[in-house]
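Heads up: the structure comes next, in structure tokens.
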Amino acid sequence: MENSSTMSKSAVKISLDLLSNPLCEQDQDFLNMVTALDTAMKRMDAFNQEKVNQIQKTVIEPLKKFGSVFPSLNMAVKRREQALQDYRRLQAKVEKYEEKEKTGPVLAKLHQAREELRPVRDDFEAKNKQLLDEMPRFYHSRLDYFQPSFEALIRAQVGYYSEMQKIFGDLTQQLDQPGHPDEQRERENEARLSELRALSIVADD
Amino acid sequence: MAEPGTDEPSSRTGSPDGEGQVSGERLLLHQRLAVRELIDTELSYLHVLRLCASDIRSSLQQLPQRDLDVLFSNIDDVIEVNSRFLHDLQETASRKEEQVHLIGNLFLECHEELERVYKVYCASYDQALLLLDTYRREPELQREIQSIIEAVLPQAGPSGLSFLLVIPLQRITKYPLLLQKILENTVPDASAYPVLQRAVSALQDVNTNINEYKRRKEVASKYTKVEQLTLRERLARLNTHTLSKKTTRLSQLLKQEAGLVPRTEDKEFDDLEERFHCVSLCVTEMKNNVAVYLDNLEAFLCFRPQEYDLDIPGGPVVQYCSLMRDLQLQAFPYFKQRLKGLVWQPLCSLAKALAGPQNLIKKRLDKLLDFERVEEKLLEVGSVTYEEQEARHTYQALNSLLVAELPQLNQLAMRWLGQILCTFMGLQRELAQQVLQRAEGSLAQLPHYHLSEPAFRKLVEDALGQTGHQLRSFQENFEKVLPPPTVQPLLPGAERQVQALLSRYGPEKLYQVTSGVSGAGTLDLTLPRGQIVALLQNKDTRGNSSRWLVDTGGHRGYVPAGKLELYRVIPRQEEVKEQEWPHKDSRHLTPAPVPSVPVVTQVVAVYPFVARSSHEVSLQAGQLVTVLEAQDKKGNPEWSLVEVNEQRGYVPSSFLARAASPAPWGWGLPS
């Protein structure tokens, strides 16, 4: 986004500097042309700013909001992970006791371990289920969530460029410059250059 | 017009005119001869030229084309002009009476064209000579050239190419002489006389102009080259001569600054220079700005959101991605390319072209200082040396060259600059057109295409508001702290103790030890993990709030506050936050709120026990028993009432499994 702003600003600078050049005072036509260009550029810049603002509202901010859910999601996942660890740990303990000889103390410990395990397991499963439910929903919601943003993006572009076309169309019409094909333009440039070179004060190289 | 020369030469009457007649006839004869000579030499000249241009040039294939261009420069134009000239000359031959007059007129008509064509040739002749010198140093090449020339024009002689190339120069200088000859042989009161006179002076002017042009070209080419010299090279160039030159100039400048010497003010030149300066400033600035613009365009294009895989099928996203892709791959690069070719390149060429004149202007100032000094000397001394004379001429040549050509330069540069600007604008417009076309195509495929802009915005706002709510709810879900699983059931004995504490202090004062505390001081307690204590005071006698005074039911002492956690006996109620899944109450093994009933637990018997009376019951190691009461009828905690195998009886409490320290299951937010 800043890129398009800088681009727009540099375009404005082109015309601004031209305007400040003293040549403008001397040559009326040139002055007219440059003033017109300057106006056009400034207007374009204003539109660009507007476009940026709009996009900010309709795309960037929703994006940020969407993104801000992720930390919470991550934490929930972490908690689940922890629950899983504890679950596993206790599970291992239980299994360890189960494998030992069934003596009294062992059995007692086994029982105890099982008791400990139960709540932990339930807790883990609850967390797991929650995430399993919620995460896909969340992920899915992005589809609907972002549709309008993209639409807005496209519209913003359309708006901006239609303004641009209008402005520059007027400008070129005002300055009476029909659209030449590129080869013609190139030829004209070549012609100008050779005119200049024809002067002996211009070095040939 | 009748000419006196048309009298019959045979009429020799003895009149005083006789002599005049004879001389008139002689004049006429000479005139005719001169005319004849003019035409004949023109013919042969043209013939030689044609041979040069066609046969010799085409045979000299081993030379590169560039060299050939330098050698022969615009010989074709010369040939063209001269052949027309010859044709017209030959025409005049048919009109005997008026021939001289016609010839005079012809010269007057053609002299401008001649000047135009010959001055170019003459100006590049020096370069051709230099080139020939380089050839002469290669004997092999020289011999080849020589043999070619001798094959075509034997009379060229040993000097070969240079002999041939100088012929046009010789010719153009010959014209005034030939005309002069005709003039001499024309009677002054002939009608052709004034015409001839004008023709002669015209041709002489042509020659002067050609010389002047040549000199200017020399001066220009000497000084326009902007040389990039390193400091070392510059130092190497210093010698006494240049040093003296520069010091003289500097002193002259200082004298002017001090007002000792008047400065030559040339208003015309100054105006021109100022304008030129503006133009070049304009060009430079524009060039820089366009460069910056191009850079920003590059940066803009680096950003490619559409290349990231968004994994959102269908809908506007696809449209957007394809739109941006098209723009990135086609419209913008095309625009950039055109911008570079049609705006940036010309600007660079223009800027470069302006560098030469800038140099010349600088040089002119230097030469001006020289010139002024020489003028001074002239005034004082009355004569100047050759070098000084040269300096004067150089300055004058430079000055006149600049004055003549700067206006044109300024104008051309301005015009071009204007064109470049217009191109820039046109390019922008075309870019907008293309993008718009493509974007509108995409827009048409969007669901809300038909909506007007404000309506669409409202729609988006609403949609975003809704989804915002949804997001918030998601966030809350993820954030809520899941209630911890129940506290581990306590040992029967501990349970009783808890009840006692509870009844004495109330539920909100009960804390559980989270990890083993080993007391260091006399009043500190040593407690195992999981022990339940009641809080008496949340700071010690010195006011240290990290040591709390607690009651274990038997002892009182201090424990670090960090190791205590609030112990909840009652099952936790649902929290205020909305929950989407049912809270599993079944994990709580403690039943409903009342804290008094001892918990019915299942424990494992650690040791076997043989019942010795009917009140007791036998146990096997590892057997699961249900504890009904954690004390016997007399309240002795050493015996517990248990049920096992459908039998009830007392067993020693110590034979029952001690709980492993109940881990605190409070699961707050992980830190």
Handout entry: Packing-based ranking, highest mean first, of B:203-211, B:43-51 given that Cβ atoms within 10 Å are counted
Key = B:203-211, B:43-51
Practice task
First measure r as the distance between the Cβ atoms of B:Gln466 and B:Cys302, then evaluate 1/(1 + (r/R0)^6) with R0 = 22 Å and state the FRET efficiency to the nearest 0.05.
Solution key: 0.05
Handout entry: Cut-off 20 Å (backbone N to label point 7 Å along Cα→Cβ of B:Ile167), residues of region B:34-59
Key = B:36-59
Fill in the blank from the handout: Per the 1/(1 + (r/R0)^6) rule, R0 = 60 Å and r from the Cβ atoms of A:Ile60 and B:Gln65, FRET efficiency to 0.05 is 0.45
Completion exercise
Everything considered on the Cα gyration tensor (a ≥ b ≥ c; rounded for a/c under 1.5, else prolate if a/b is larger than b/c, else oblate), region A:118-160 must be described as prolate
Practice task
At a 1.4 Å probe radius, which order do B:Cys348, B:Cys302, B:Cys52 fall into by accessible area, largest first?
Solution key: B:Cys302, B:Cys348, B:Cys52
Completion exercise
Partner shielding of A:121-134, as the mean number of partner chain Cβ atoms within 10 Å, equals 3
Completion exercise
The B/A contact buries a total accessible area, at probe radius 1.4 Å and rounded to the nearest 100 Å², of 10300 Å²
Completion exercise
The extension gain from A:Leu132 to A:Met75, computed as 0.36 nm times the residue separation minus the Cα-Cα distance, is 19.1 nm
Practice task
Determine Rg/Rh for region B:177-227; Rg is computed over alpha-carbon atoms and Rh is the Kirkwood hydrodynamic estimate from the same atoms.
Solution key: 1.35
Problem - Check: region B:264-444 dipole with +1 on Lys, Arg Cβ and -1 on Asp, Glu Cβ, in debye - result: 900 debye
Exercise for the section: Just subtract the alpha-carbon distance of B:Leu329 and B:Lys352 from 0.36 nm times their residue separation and send over the number in nm, one decimal. Expected result: 5.0 nm
Handout entry: Estimated Rh, region B:22-224: Kirkwood, alpha-carbon pairs, angstrom
Key = 18.4 Å
Completion exercise
Extend 7 Å from the Cα of B:Thr242 along its Cα-to-C-beta direction; within region B:321-359, residues with backbone N under 18 Å of that point are B:359
Fill in the blank from the handout: With 0.36 nm assigned to each residue of separation and the Cα-Cα distance removed, B:Gln620 to B:Gln90 gains 175.9 nm
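The values are calculated or read from the model by the stated rules, or taken from the named source; none is laboratory data. No experiment lies behind these values; they were computed from the predicted model shown. As a convention, Cβ positions derive from the backbone with ideal geometry for all residues, glycine included, and neighbour counts pool all protein chains shown. With ligands, DNA and RNA removed, areas are computed over all heavy atoms of the protein, side chains included. Shrake-Rupley method; radii C 1.70, N 1.55, O 1.52, S 1.80 Å.
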